[in-house]
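Visitor: Questions regarding the structure given below will be posed in turn.
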Amino acid sequence: MKKIFKALNLTGVSLFLIISFIACDKDFSTIESDVLGEDNINFNTDRVSLPVIAYNKKLDSLQINNLSSNLLGVFNDPAFGQTIASIITQVTPATYDPDFGDNPVIDSVVLSIPYFSRALTDSTYTISDSLYGNSPIRLSIYKNNYFLRDFDPNSPTNARQNYYSKANGSINNTDNFALTNNTVINFDTNKGELLKDTIFTPSSKAIVTKTIGEDSTITRSRSVPALRFKLDPSFWTTTIINKGGQSELSNENNFKNYFRGLYLKAEPINGNGNLVLLNIASTASNITIYYSKDDSAATGERTQDSYVLNIAGNRLNTFINNYTVPLGNGNKTLGDEKLYLKGTEGSMAIVDLFGGMVDCDGDGILDTSALDCFKETYRVPDGNGGYKKDNSGNYILKQLINEARLVIYEDEAMVSTTTDYHKYDRIYAYDIKNNIPTIDYLSYDPTTNTNNPLSSKIISLGQRDPQLLKYKIRLTEHLNNILIRDSTNTKIGLVLSSNVNLSNNSSILNSNDIVTNIPAVSIITPRGTILHGTNTNVPENKKMTLEIFFTKPK
């Protein structure tokens, strides 16, 4: 494999093997007799670097409902330009067919949606992990008049109705749009009454609630930081309280058709703003109507009560993108010079580990596929043009892959003047044919950290090296599966992710490409990064490569 392998003698391989002892020990114990031969001793370690083909894929028409959380606000990415994120959501009563009693009068109405926060002390929090920027935005909250269907009427299986992004500004760059299979929806032409209009900047302060008891004692309680507004009681008196005992509040279907939810619209102020990730799926996301009514047990007395509308049901995150970098589909044959990873309907990269033809026998002719040459290099031939198998039907290897990793370099232009701007960037790799994480992520990485995604899955996905501007994606078991079990050589998708613990997918509307789904978390990852690619214009020491550390008998 003289043309595509460059063997290097590494003095640091022994150190690498010590660090990777657990993973390597598992590899040896699994296929030891097949790899090391009869003597089962005396072996050499070495490393090769394989060129790969990586290219861009522009993303659009992405599923924007059923996301784990939602972005709200305005974000100016220094490399890619501006994104404006708004939210359309249904609300559902905690109870149906309520009895508001006699002479109900609303005292206050409170909208509350928690941020993602971390406790610093018993009473202080930070939201810095999920807040981008600190300039104020204009936030307008409207009643939504567009009916969000739960099920697709055109589906023979009564499948869930999905909604897809339309963020490219092809109609206009002020309204928020979404797509279904056959409809373009403009939520600005379907907005109802204006419920709140404010200048908004998220705060990390705890929410303090004061309760006055029957004996006039005051109790204060604290809850996590949240987007929290008081709303005009008159609207909710007409819309909710006056409908007590009527069909509109009697069941879920009637209510969703009657009150179709909220439209939270974000707009920049002088081109600037902030973007916050809302924990809108939290049970604490709701509209609470506090009201008083006549006390049925004591004439002339009033009692306090409340009615809760949960922010639940179908929920969409719409985007308006004004990118300064032209995003497009790349060169699948030669690869691209730069790779653009950008969330909020941006771009991803596709990596073909064994694309094209190579000179495998050293005769100067590119006449063997890279994949076939890879198999020929590592498998034991059977003398009949094929390869030997063991009793379990697995191929026997003449060289053991101890470690394989995709080495990726960030474009130096991405070193921002903003301190630690890319500190939290993680590259998420997935199998685009089967729309699942890599096997290295699924089955061979125990480093899941639910409290801190930055330190989660660090064996399979690695972390950004801030000095070398480098990422490493582990593909050891992915390659072993190809060699030993003849698994399909699927292409690898790369996206930017703010939480690598989340692996659920969002579909692409009417995709005519091999990419039919993307990791949903990449949609709500606002930042972007630019990587060095693989074509001939990239310096050799910056090209994305596949490094393989291997062991073979002497």
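The values are calculated or read from the model by the stated rules, or taken from the named source; none is laboratory data. What you are looking at is a predicted structure, and each value in this text was computed from that prediction instead of being measured. Don't worry about glycine lacking a Cβ; one is built from the backbone with ideal geometry, like all the others, and counts go over all protein chains shown.
Visitor: Being without any contact (Cβ under 8 Å) to a residue 12 or more places away in the chain and outside any strand (DSSP E or B), is that true of even one residue in the range 135-148?
Guide: Checking the range 135-148: not a single residue is without any contact (Cβ under 8 Å) to a residue 12 or more places away in the chain and outside any strand (DSSP E or B).
Visitor: Now for a separate question. Residues of the range 92-114 being aliphatic (A, V, I, L, M) and more than 42 Å from the chain's Cα centre (by Cα), which ones?
Guide: The one that is aliphatic (A, V, I, L, M) and more than 42 Å from the chain's Cα centre (by Cα): Val105.
Visitor: Report, by residue number, each residue of the range 160-170 that is at pLDDT below 95 and either surrounded by fewer than 16 Cβ atoms within 10 Å (Cβ to Cβ) or among the basic types (Lys, Arg) (or both).
Guide: Once the filter is applied, which keeps residues that are at pLDDT below 95 and either surrounded by fewer than 16 Cβ atoms within 10 Å (Cβ to Cβ) or among the basic types (Lys, Arg) (or both), the range 160-170 yields Arg160, Gly169, Ser170.
Visitor: Among the residues of the range 480-499, is there at least one that is outside the structural domain of Asn182 (by TED's automatic domain parsing), closer than 17 Å to Asn56 by Cβ and either in contact with a Pro (Cβ under 7 Å, 6 or more places away or on another chain) or modelled with pLDDT under 95 (or both)?
Guide: yes
Visitor: Just give me the residues in the range 369-411 being surrounded by fewer than 16 Cβ atoms within 10 Å (Cβ to Cβ) and of a type in the set (Gly, Ala, Ser), in sequence order.
Guide: Gly383, Gly385, Gly386, Ser392, Gly393
Visitor: Of all residues in the range 182-202, which are part of a loop (DSSP other than H, G, I, E, B) and in contact with a strand residue (DSSP E or B) (Cβ under 9 Å, 6 or more places away or on another chain)?
Guide: Scanning the range 182-202 gives Phe187, Asp188, Asn190, Thr201, Pro202.
Visitor: Further, regarding this structure: Just to confirm my filter: which strands (runs of 3 or more DSSP E) fall fully inside the range 499-554 and include at least 2 residues that are more than 11 Å from the chain's Cα centre (by Cα)?
Guide: Filter on the range 499-554 gives 528-532, 545-553.
Visitor: Kindly indicate whether any position in the range 356-364 is in a strand (DSSP E or B) and touching a residue at least 40 places away in the same chain (Cβ under 8 Å).
Guide: Within the range 356-364, one or more residues are in a strand (DSSP E or B) and touching a residue at least 40 places away in the same chain (Cβ under 8 Å).
Visitor: Could you tell me which of the residues Asp197, Asp175, Asp129, Asp122 is crowded, with 16+ Cβ neighbours inside 10 Å and over 21 Å from Thr525 (Cα atoms)?
Guide: Selected residue: Asp175, the only one of Asp197, Asp175, Asp129, Asp122 that is crowded, with 16+ Cβ neighbours inside 10 Å and over 21 Å from Thr525 (Cα atoms).
Visitor: Shifting gears a bit: Here is a list: Ser285, Ser204, Ser223, Ser216. Which entry is at pLDDT below 95, under 32 Å from the mean Cα position of the chain (by Cα) and small (Gly, Ala, Ser)?
Guide: The match here is Ser223.
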